[in-house]
Amino acid sequence: MIDTTNIELSFLTIDDYQELKEAMIESYTSMPDAHWKEHHIESLISLFPEGQIVIKVNNEIAGCALSIIVDYDSFEDLHTYKEVTGTYTFDTHTSDGNMLYGIEVFVKPDFRGLRLGRRMYDYRKELSEKLNLKGVAFGGRIPNYHKYADQISAKEYIARVRRKEIFDPVLNFQISNDFHPVKIMKEYLEDDVASNDYAVLLEWDNIYYRKPSKKAATRKKIIRLGLIQWQMRPYKNLDDLMQQVEFFIDAVSGYRSDFALFPEFFNAPLMSENNHLSEPEAIRELAKFTSTIARKFSELAIAYNINIISGSMPELVNNRLYNVGYLCKRDGSTERYEKLHVTPDEAKVWGMEGGTQLKTFDTDCGKIGILICYDSEFPELSRLLAEDGMDILFVPFLTDTQNGYSRVRNCARARAIENECYVAIAGSVGNLPKVHNMDIQFAQSMVFTPCDFAFPTNGIKAEATPNTEMILIADVDINLLRELNQFGSVRNLKDRRVDIFSLTKQS
C-alpha cells in the first residue's frame, strides 16, 4: 500500500522535468514515445505557468496536467491535436482566448484509484472560473475502442460507454467529472492505435462565465428584491396615489434594492370617483391614467436608480381592453408585458381580453420574466421563459379571498422548483368599499426558491406579514441557480424527457 500522508498539488517547474519524463513513459506503456521534450515543457511554463501543474505524493510526481488558453471559436469542431497545439509550438496559446484547452493529463499506474485525476480536473475548472473562460475542452482518447472496432462504430461505442455497458478507463473518468461529449474526431492524435485513431471532443461549461463587456458596468449576481404589499385606500386623485408610489420606491431604493415590484391593479382606488358608472365603463375610465402612470414610473426608475415592475393596469388598445404592466428600467428604457389569461370574472364583468406577448426581459441583473397573477397558474408559460434563460420570475397579483391567494402562492412555489428560478409575488391588501368588483383583497407577498441544499428547506426565502401594508426586502444569489442546474440533487430542467414531449411558443 502506498503511503499517502502528503499529497500536494503544485505548479510544474523545469526542475521537475527528468522525473516528469520518467512518469510519462511509465504512464503510457502502449505509446512509449508519448512524452514531452524538455523545450516543450519550458515553453509551456513560460507561456502559461498557471496552466501547468503536477500532483506529488510524498514529494514524488504521481500525475500531471498541462493546458493552454485558446480562442476556441477559431478552431473547427474536427480539429486535430497538432492543430490545437500549433504543431507542438503552443503558439495557439493566447491570454485573450476564451477556453482552457487540456493538452495532457495522466496519473502514474501506482497511484491510480486515489482520485488524484479528479483533483487536477477540479483545479482546471477553478482556473477556468478564475480567468472567466467559457470552460475546459480537450480531445479525449478512447483506449479500449480497438477491442470493439470491428463490431461497432465509434459513435455506438461512446453510447454504450455512457450507458455503462462498456468500460473505457478514460471516457468513463471524463464523464464522471462532468465533461460531456461534443464530437467524434477521426485522426485527432497521431499513432493512437488503442483508440483506433479516434478521439472524443469533451467539454465542461463554466456556469459563471460572463461575456466581456465594453460598458462601464458589471452584471450583478446578488440581486436585492423590494416587494411592495400595497394597501388599498381612497386617494383624492392621481397625484395623491403617485405620492404613495414614490414613498415606497424611495423606501426600497434606500435599501439599495435592484427591483421594486408593485401588485396587480394597484391603481384601482382611482375608480372610486366613477363608481356611479357600470363596471365596464369604470375600468375604461381607469385605463385613461395608464400612459401617465407608466411615464411617471419611468421617471422614478431613473431618479431612484432602480428597476420598477409596475404591477398591472387596464389599457385600451384599438378600443379593446387588456391587463398590462411596464418594466421601467433604471437606464431609462421601458418594456411592456401583458396578462395572457384573464380570469372568468375579468372577462365577464369588464370585457377584458388576454394578450399575446410572452417574453423574457434583459436587465442589468440578468434575464427576468413577468407573469400577471392568473398566468402563474399555467406552467407552460414559465417553462418557456425558463428555456429562454429566466433567473427571476415576478408575479404581481390581486386576490380577494384566501383560497384565491392560495392558488397563486402554491403555483408560484411550484414554478420556482420546476424552473430552477426565484419567484417573487406581490399583492394588495385591505378593502375598497366604494369600488364595485374590488371590494376586498387578501395577500401575503413572498419570495420563493428551489428546494435543495443551497436554499431554504421549505423553498421560502422571505415572506411578508399577511394582509398588512409593508415592504419585503430579500437578496437572491444567481450563482446558486447555476450550481443547482449543474449539480443539484435533482435537475428539473436538465432531466426533462424532451425525447417524448416538447413545448414550443407560436410566433
Out of region 132-156, which residues are surrounded by 15 or more Cβ atoms within 10 Å (Cβ to Cβ) and part of a helix (DSSP H, G or I)?
145, 146, 154
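For residue 504, state whether it is in the same structural domain as residue 260 (by TED's automatic domain parsing) and free of Cβ contacts under 8 Å to residues at least 40 places away in the same chain.
Details: in the same structural domain as residue 260 (by TED's automatic domain parsing): no; free of Cβ contacts under 8 Å to residues at least 40 places away in the same chain: yes.
Criteria not met by residue 504.
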Residue that is farthest from the chain's Cα centre (by Cα) [pool: residues in region 233-243 that are surrounded by fewer than 16 Cβ atoms within 10 Å (Cβ to Cβ) and without any contact (Cβ under 8 Å) to a residue 40 or more places away in the chain]
236
Filtering region 236-270 down to residues that are more than 20 Å from residue 468 (Cα to Cα), assigned to a helix (DSSP H, G or I) and of a type in the set (D, E, K, R) yields 239, 240
Among the residues of region 269-276, are any touching an Asp or Glu at 6+ places or on another chain (Cβ under 6 Å) and surrounded by 13 or more Cβ atoms within 10 Å (Cβ to Cβ)?
yes
Going through region 113-129 in order, the residues found to be modelled with pLDDT under 90 and either surrounded by fewer than 16 Cβ atoms within 10 Å (Cβ to Cβ) or not assigned by TED's automatic domain parsing to the domain that holds residue 189 (or both) are 113, 115, 118
How do the strands (runs of 3 or more DSSP E) wholly within region 271-344 filter down when requiring 3 or more residues that are touching a helix residue (DSSP H, G or I) at 6+ places or on another chain (Cβ under 8 Å) and touching a residue at least 24 places away in the same chain (Cβ under 8 Å): which remain?
313-317, 320-328
What pairs come up if the first residue lies in region 98-117 and is in contact (Cβ under 8 Å) with a residue 24 or more places away in the chain and assigned to a loop (DSSP other than H, G, I, E, B), the second is surrounded by fewer than 17 Cβ atoms within 10 Å (Cβ to Cβ) and not acidic (Asp, Glu), and their beta carbons are under 7 Å apart, counting only those six or more places apart or on different chains?
114/4
Residue hits (region 390-443; more than 18 Å from residue 465 (Cβ to Cβ), of a type outside the set (D, E, K, R), surrounded by 20 or more Cβ atoms within 10 Å (Cβ to Cβ) and under 18 Å from the mean Cα position of the chain (by Cα)) are 390, 392, 393, 394, 416, 419, 421, 422, 423
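Matching residues to (1) within 18 Å of residue 258 (Cα to Cα); (2) outside the structural domain of residue 374 (by TED's automatic domain parsing); (3) free of Cβ contacts under 8 Å to residues at least 40 places away in the same chain:
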site	(1), (2), (3)
419	no, no, no
422	yes, no, no
432	no, no, no
455	no, no, yes
471	yes, no, no
474	yes, no, no
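Return a yes/no flag: does region 411-428 have any residue that is aromatic (Phe, Trp, Tyr) and outside any helix (DSSP H, G or I).
Looking through region 411-428, at least one residue is aromatic (Phe, Trp, Tyr) and outside any helix (DSSP H, G or I).
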Residue tally, condition among the charged types (D, E, K, R), modelled with pLDDT under 95 and surrounded by 14 or more Cβ atoms within 10 Å (Cβ to Cβ), over region 207-232
1
For region 349-367, the count of residues that are farther than 19 Å from residue 313 by Cα and touching a residue at least 40 places away in the same chain (Cβ under 8 Å) equals 4
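Yes/no matrix, rows are residues, columns are (1) in contact with a Ser or Thr (Cβ under 6 Å, 6 or more places away or on another chain); (2) loosely packed, with under 15 Cβ neighbours inside 10 Å; (3) in the same structural domain as residue 374 (by TED's automatic domain parsing):
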| residue | (1), (2), (3) |
| --- | --- |
| 288 | no, yes, yes |
| 293 | no, no, yes |
| 297 | yes, no, yes |
| 301 | no, no, yes |
| 325 | yes, no, yes |
| 330 | no, no, yes |
Counting only residues in region 73-94 that are free of Cβ contacts under 8 Å to residues at least 40 places away in the same chain and of a type in the set (Ser, Thr, Tyr), the one farthest from residue 37 (Cα to Cα) is identified as 74
Strands (runs of 3 or more DSSP E) enclosed by region 3-83 - at least 1 residues per element that are loosely packed, with under 12 Cβ neighbours inside 10 Å and under 40 Å from the mean Cα position of the chain (by Cα)
7-11
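Go through region 429-449 and count every residue that is assigned to a strand (DSSP E or B) and of a type outside the set (Val, Ile, Thr). Walk me through it before giving the result.
Step one: of region 429-449, the residues assigned to a strand (DSSP E or B) are 429-431, 440-441, 446-448.
Checking the rest, the ones that are also of a type outside the set (Val, Ile, Thr) come to 430-431, 441, 446, 448.
The number of residues fulfilling the criteria is 5.
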Among (1) more than 22 Å from the chain's Cα centre (by Cα); (2) in a loop (DSSP other than H, G, I, E, B), where does residue 359 come up short?
(1)
Checked region 157-199 for anything buried (at least 22 other Cβ atoms within 10 Å of the Cβ), over 27 Å from the mean Cα position of the chain (by Cα) and not in a helix (DSSP H, G or I); matches are 168, 188, 192, 195, 198, 199
Tally of residues being in a helix (DSSP H, G or I) and crowded, with 18+ Cβ neighbours inside 10 Å across region 455-494:
5
Specify the residue that is farthest from the chain's Cα centre (by Cα); the eligible residues are those in region 93-107 that are buried (at least 19 other Cβ atoms within 10 Å of the Cβ) and over 18 Å from residue 123 (Cα atoms).
93
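The values are calculated or read from the model by the stated rules, or taken from the named source; none is laboratory data. Keep in mind the model is a prediction, meaning the values are calculated, not measured. As a convention, Cβ positions derive from the backbone with ideal geometry for all residues, glycine included, and neighbour counts pool all protein chains shown.
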